[in-house]
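The next block holds one structure in the form of structure tokens; read it before the comments.
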Amino acid sequence: MLMSLAALISLSAGAQEKKDGENKNKPVFTTIKENKITSIKDQNRSGTCWDYSTLSYFEAEILKKTGKTYDLCESFVANKTYMDRAIQVVRLHGDCQFAQGGSCYDPLYCMQHYGICPEDAMPFPGSLYGDSLNNFNEFFALMEPYVAAVSKGNFKKLSSQWKVGLQGILDAYLGKCPETFTYEGKQYTPQTFMQSLGINLDDYVTITSYTHHPFYTRFAVEVQDNWRNPLSWNLPMDEMMRVIDNAIAEGYTIAWGGDVSEEGFTRKGLAYAYNTKEMESLQGSDMAKWMRLEPKKKTAIIDSLGCTVPEITPTQERRQQRYDNWELTDDHGMLIFGVAKDQNGKEYYMVKNSWGKTGDYKGIWYMTKSYIADNTMDFMVNKNAIPKDIRKKLGI
């Protein structure tokens, strides 16, 4: 009995110690609004966030419109898009970038011009070269020099065979795009399958917010992965954020593109727009001391602050300055689908990622509204989700 009592006391003490050691600042979320989305996917070792996030967006649009759940094929879009991008690079004699990245417009363009197919109409990602998910290391190690050799070669005239060779590489690593396939007992082409999905591809627009172009006009956002140069509507920052909030309130999702290379974007599933000046003075640390801290120690201090971490106040001027000096970049594409608040009442967007069920929230990120306002490059949204007064200003 004495031994049992001692063990019980020991366990209780350990449990109390663990409880006392818990971070009281770790955010506890309450969902305010959550719109329906499809399952979490994993792009793995491929620069295809633009592909995964935008197809996830269209899956959510179809789900909202029809109630049906689809798993659309990222490999189909990648196959068509990389060939189109290579053709542009060759036309420009190599004076533009051939890379893995893209924008939310690329899947839209593909669906408009080539159609789409379900995931199981093509080989599972990675399966053709013995992997369980995408791994583009070898794939692009072959593609990049191939395209460079053609686009920068000293030729008087090109034959069309370079396209045949490149298509062979695309098909070898991604699989051939089907001309016909059967889905739920019915035969389709990619074009007829697209027509069956129940959405109107003319409903989609992209939104941005910068001052180097007039507001309420459209321009092509000047980043390399926006290589097709689609036009985005330019809104003041506050109205850009109103579009996101209104879309979520009306049951829509948003295909978001922005910067996740900031310290405030964590692998645990959180994103804060850290106020670095205030961070430097935290815990009795002056700026020099803060700057000398090892990354792990900085992270430990930041993690201990949790949802009480100081954030900047985003402004139009700050957005423009960060864009012009290359701080604000288009690193990643994700899907905004809801709003939640923490125990202090601060609101966050609920964001679906494409890195598998990673982080503390199994593939979902909670990103503060300040982070999104400060780090948005552009986003795609259904024009019917835009507030009426803003639509009137845009004439759509």
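Picking from 344, 384, which residue would you name as being under 24 Å from residue 34 (Cβ atoms), at pLDDT 95 or above, touching an Asp or Glu at 6+ places or on another chain (Cβ under 8 Å) and not hydrophobic (A, V, I, L, M, F, W, C)?
Of 344, 384, the one residue that is under 24 Å from residue 34 (Cβ atoms), at pLDDT 95 or above, touching an Asp or Glu at 6+ places or on another chain (Cβ under 8 Å) and not hydrophobic (A, V, I, L, M, F, W, C) is 384.
Could you check region 222-249 and list, in sequence order, the residues that are surrounded by 20 or more Cβ atoms within 10 Å (Cβ to Cβ) and of a type in the set (A, V, I, L, M)?
235, 237, 240, 243, 244, 247, 248, listed by residue number.
Suppose the filter is in contact (Cβ under 8 Å) with a residue 24 or more places away in the chain and assigned to a helix (DSSP H, G or I); does residue 62 pass it?
Taking the combined requirement at face value, the residue satisfies it.
One residue is enough: does region 350-367 have a residue meeting the conditions within 25 Å of residue 64 (Cβ to Cβ) and touching a helix residue (DSSP H, G or I) at 6+ places or on another chain (Cβ under 7 Å)?
Checking region 350-367: at least one residue is within 25 Å of residue 64 (Cβ to Cβ) and touching a helix residue (DSSP H, G or I) at 6+ places or on another chain (Cβ under 7 Å).
Residue 1 passes all but one of (1) at pLDDT below 95; (2) within 29 Å of residue 302 (Cβ to Cβ); which number fails?
Condition not satisfied by residue 1: (2).
Can you tell me how many residues within region 260-278 are touching a strand residue (DSSP E or B) at 6+ places or on another chain (Cβ under 9 Å), among the hydroxyl-bearing types (Ser, Thr, Tyr) and not in a loop (DSSP other than H, G, I, E, B)?
Total satisfying the criteria: 1.
Has region 177-186 got at least one residue that is at pLDDT 95 or above, within 30 Å of residue 385 (Cβ to Cβ) and over 25 Å from the mean Cα position of the chain (by Cα)?
Yes, some residue in region 177-186 is at pLDDT 95 or above, within 30 Å of residue 385 (Cβ to Cβ) and over 25 Å from the mean Cα position of the chain (by Cα).
State all residues of region 302-322 that are assigned to a helix (DSSP H, G or I) and either crowded, with 16+ Cβ neighbours inside 10 Å or aromatic (Phe, Trp, Tyr) (or both); if no residue qualifies, say none.
Listed by number, the residues that qualify are 302, 305, 306, 307, 316, 318, 319, 320, 322.
Count, please, the residues in region 258-267 that happen to be open to solvent by less than 30 Å² (accessible area, probe 1.4 Å) and touching a helix residue (DSSP H, G or I) at 6+ places or on another chain (Cβ under 7 Å).
Of the residues in region 258-267, 3 are open to solvent by less than 30 Å² (accessible area, probe 1.4 Å) and touching a helix residue (DSSP H, G or I) at 6+ places or on another chain (Cβ under 7 Å).
Applying the selection to region 78-117, what residues are assigned to a loop (DSSP other than H, G, I, E, B) and touching a strand residue (DSSP E or B) at 6+ places or on another chain (Cβ under 7 Å)?
Within region 78-117, 103, 104, 116, 117 meet the criteria.
Within region 347-369, take every residue that is more than 15 Å from the chain's Cα centre (by Cα) and open to solvent by less than 30 Å² (accessible area, probe 1.4 Å) and give me the one that is nearest to residue 264 (Cα to Cα).
Ranking the qualifying residues of region 347-369, first place goes to 368.
Give just the number: which of (1) buried (at least 18 other Cβ atoms within 10 Å of the Cβ); (2) touching a Pro at 6+ places or on another chain (Cβ under 7 Å) does residue 252 not satisfy?
Every condition holds for residue 252 apart from (2).
Looking only at region 201-217, count how many residues are within 23 Å of residue 384 (Cβ to Cβ) and more than 22 Å from the chain's Cα centre (by Cα).
The qualifying residues number 3.
Could you please let me know if residue 163 is out of contact with any strand residue (DSSP E or B) (no Cβ under 9 Å at 6 or more places or on another chain), touching a residue at least 24 places away in the same chain (Cβ under 8 Å) and basic (Lys, Arg)?
yes
Would you say residue 66 is touching a Gly at 6+ places or on another chain (Cβ under 8 Å), polar (S, T, N, Q) and surrounded by fewer than 16 Cβ atoms within 10 Å (Cβ to Cβ)?
yes
May I ask you to list the residues in region 370-382 that are farther than 14 Å from residue 234 by Cα and either open to solvent by 10 Å² or more (accessible area, probe 1.4 Å) or in a strand (DSSP E or B) (or both)?
370, 382
Just to be sure before I move on: is residue 206 without any contact (Cβ under 8 Å) to a residue 60 or more places away in the chain, within 17 Å of residue 381 (Cα to Cα) and either out of contact with any Phe, Trp or Tyr (no Cβ under 6 Å at 6 or more places or on another chain) or open to solvent by 70 Å² or more (accessible area, probe 1.4 Å) (or both) in the structure I sent?
no
Scanning region 67-77 for residues that are hydrophobic (A, V, I, L, M, F, W, C) and part of a helix (DSSP H, G or I), which turns out farthest from residue 231 (Cα to Cα)?
So, considering only residues that are hydrophobic (A, V, I, L, M, F, W, C) and part of a helix (DSSP H, G or I), the one farthest from residue 231 (Cα to Cα) is 76.
Cβ-Cβ under 7 Å, sequence separation 6+ or interchain: first residue in region 147-160 and under 14 Å from residue 88 (Cα atoms) and among the small types (Gly, Ala, Ser), partner open to solvent by 100 Å² or more (accessible area, probe 1.4 Å) and part of a loop (DSSP other than H, G, I, E, B). Which pairs?
Pairs that qualify, where the first residue is under 14 Å from residue 88 (Cα atoms) and among the small types (Gly, Ala, Ser) and the partner is open to solvent by 100 Å² or more (accessible area, probe 1.4 Å) and part of a loop (DSSP other than H, G, I, E, B), are 151/93.
Under 25 Å from residue 214 (Cβ atoms), under 22 Å from the mean Cα position of the chain (by Cα) and open to solvent by less than 10 Å² (accessible area, probe 1.4 Å): is that true of residue 385 in this structure?
yes
The values are calculated or read from the model by the stated rules, or taken from the named source; none is laboratory data. Because the structure is a prediction, the values reported are computed rather than measured. We place every Cβ from the backbone using ideal geometry, glycine too, and count neighbours over all the protein chains shown. We work out accessible area using only protein heavy atoms, side chains counted, and drop any ligands, DNA or RNA first. Shrake-Rupley method; radii C 1.70, N 1.55, O 1.52, S 1.80 Å.
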